């Protein structure tokens, strides 16, 4: 496979498209790590959090909010980049093993289907605020809250760009 095919092979438009890969990874006893986000304008903070997330296991699965989901969460004018562009950029990163697009506000149903061993979110969230924490803990997994890289925020980047006009 060439590089573009490898990148595209990491992207699943929904859980059913990812199911065979998941089954294979579980058969091989990989420790599965799940994180999620909008990843609208990919920046250093995103890369740092993905590196930290990947360090908790063997396979990093990224749940990506669909365009409709981002619009629900962030309002009109968002996302800046469409879901296919955001998925492609995430999948091009070495530490990311799979990108699954989801339409809901939270990845709760996706987490229920995947049953990851580790769930990772930023430390700004309290445990009870993390979608799917109960699912992961109930199966004996762990929830990791990581420090985010200060000074990086997609919303702040957008504000800076708008003010520079």
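The values are calculated or read from the model by the stated rules, or taken from the named source; none is laboratory data. Owing to the predicted nature of the structure, the values given are computational and were not obtained by experimental measurement. Using ideal geometry, Cβ is built from the backbone for each residue, glycine included, and neighbour counts are taken over all protein chains shown.
For residue 22, the criteria (1) outside any helix (DSSP H, G or I); (2) out of contact with any strand residue (DSSP E or B) (no Cβ under 6 Å at 6 or more places or on another chain) hold in every case but one, which is (1). Checked against (1) closer than 15 Å to residue 62 by Cβ; (2) without any contact (Cβ under 8 Å) to a residue 60 or more places away in the chain, residue 128 passes all but a single condition, namely (1). Within segment 69-77, identify whether any single residue is assigned to a helix (DSSP H, G or I), within 12 Å of the chain's Cα centre (by Cα) and free of Cβ contacts under 8 Å to residues at least 60 places away in the same chain, and answer yes or no. Checked segment 69-77: no residue is assigned to a helix (DSSP H, G or I), within 12 Å of the chain's Cα centre (by Cα) and free of Cβ contacts under 8 Å to residues at least 60 places away in the same chain. Across segment 34-45, the number of residues qualifying as touching a strand residue (DSSP E or B) at 6+ places or on another chain (Cβ under 7 Å) and either surrounded by fewer than 19 Cβ atoms within 10 Å (Cβ to Cβ) or part of a helix (DSSP H, G or I) (or both) comes to 0. Could you please let me know if residue 110 is surrounded by 17 or more Cβ atoms within 10 Å (Cβ to Cβ), within 12 Å of the chain's Cα centre (by Cα) and assigned to a helix (DSSP H, G or I)? Yes. In segment 46-62, is there at least one residue being touching a helix residue (DSSP H, G or I) at 6+ places or on another chain (Cβ under 7 Å), outside any helix (DSSP H, G or I), modelled with pLDDT under 95 and on the phi < 0 side of the Ramachandran plot? Checked segment 46-62: no residue is touching a helix residue (DSSP H, G or I) at 6+ places or on another chain (Cβ under 7 Å), outside any helix (DSSP H, G or I), modelled with pLDDT under 95 and on the phi < 0 side of the Ramachandran plot.
Reported count of residues in segment 116-139, each being part of a loop (DSSP other than H, G, I, E, B) and either in contact with a helix residue (DSSP H, G or I) (Cβ under 7 Å, 6 or more places away or on another chain) or within 14 Å of residue 65 (Cα to Cα) (or both), is 3.
Here residue 81 fulfils each of the conditions (1) part of a helix (DSSP H, G or I); (2) more than 24 Å from residue 133 (Cα to Cα); (3) free of Cβ contacts under 8 Å to residues at least 60 places away in the same chain apart from (1).
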